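The values are calculated or read from the model by the stated rules, or taken from the named source; none is laboratory data. Owing to the predicted nature of the structure, the values given are computational and were not obtained by experimental measurement. A quick note on method: Cβ atoms are made from the backbone with ideal geometry, for glycine too, and the neighbour counts reach across all protein chains shown.
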């Protein structure tokens, strides 16, 4: 069974969400779009991204989140989707190939990779984290919203 990897260190846009109206951004996966009146702006250190206002995957679509190590002994966070979340992720990732998505947790950009494939298996790994401490923090933030 393949696991889709989201790589923050290579493709990520790590920073803090800045909303035009200073509201909290719901944690989840967002499509990145062109600037429109309904888009939400977010900034990082090198770029400004505009998000569709509603996430296509919400943290409530996560069944389980856990720490894991990869083949190179690096710490990652693995997310397993609910059955409904698996269907939503597959559909959205298939339709959005070649475009950016943003992963937001607790008003922070975890990453903003380009989707290059359909995520079929209903699970994915967030890697590129700086170590066990960062992985534990991200895991705690995700689990507190599940």
Boolean, residue 65 is touching a strand residue (DSSP E or B) at 6+ places or on another chain (Cβ under 6 Å) and either modelled with pLDDT of 85 or more or under 20 Å from residue 130 (Cα atoms) (or both)
yes
Would you confirm, using the coordinates I've provided, whether residue 104 is under 13 Å from the mean Cα position of the chain (by Cα), at pLDDT 90 or above and within 28 Å of residue 35 (Cβ to Cβ)?
no
Of the residues in segment 55-86, those that are farther than 13 Å from residue 123 by Cβ and touching a residue at least 24 places away in the same chain (Cβ under 8 Å) number 9
Flag if residue 115 is at pLDDT 90 or above and touching a helix residue (DSSP H, G or I) at 6+ places or on another chain (Cβ under 8 Å)
no
Name every residue in segment 94-112 that is surrounded by fewer than 22 Cβ atoms within 10 Å (Cβ to Cβ), in contact with a strand residue (DSSP E or B) (Cβ under 8 Å, 6 or more places away or on another chain), touching a residue at least 24 places away in the same chain (Cβ under 8 Å) and not in a strand (DSSP E or B), in order of residue number.
96, 99, 107
Restricting to segment 122-146, name every residue that is in contact with a strand residue (DSSP E or B) (Cβ under 8 Å, 6 or more places away or on another chain) and farther than 17 Å from residue 58 by Cα.
127, 128, 129, 131, 132, 134, 135, 136
Which of (1) over 18 Å from residue 105 (Cα atoms); (2) in contact with a helix residue (DSSP H, G or I) (Cβ under 6 Å, 6 or more places away or on another chain) is the odd one out, the single condition residue 92 does not satisfy?
(2)
If we keep just the residues of segment 123-142 that are part of a helix (DSSP H, G or I) and under 12 Å from the mean Cα position of the chain (by Cα), which is nearest to residue 89 (Cα to Cα)?
142
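Given the criterion under 11 Å from the mean Cα position of the chain (by Cα) and either closer than 18 Å to residue 135 by Cα or at pLDDT 90 or above (or both), identify the matching residue among 12, 85.
12
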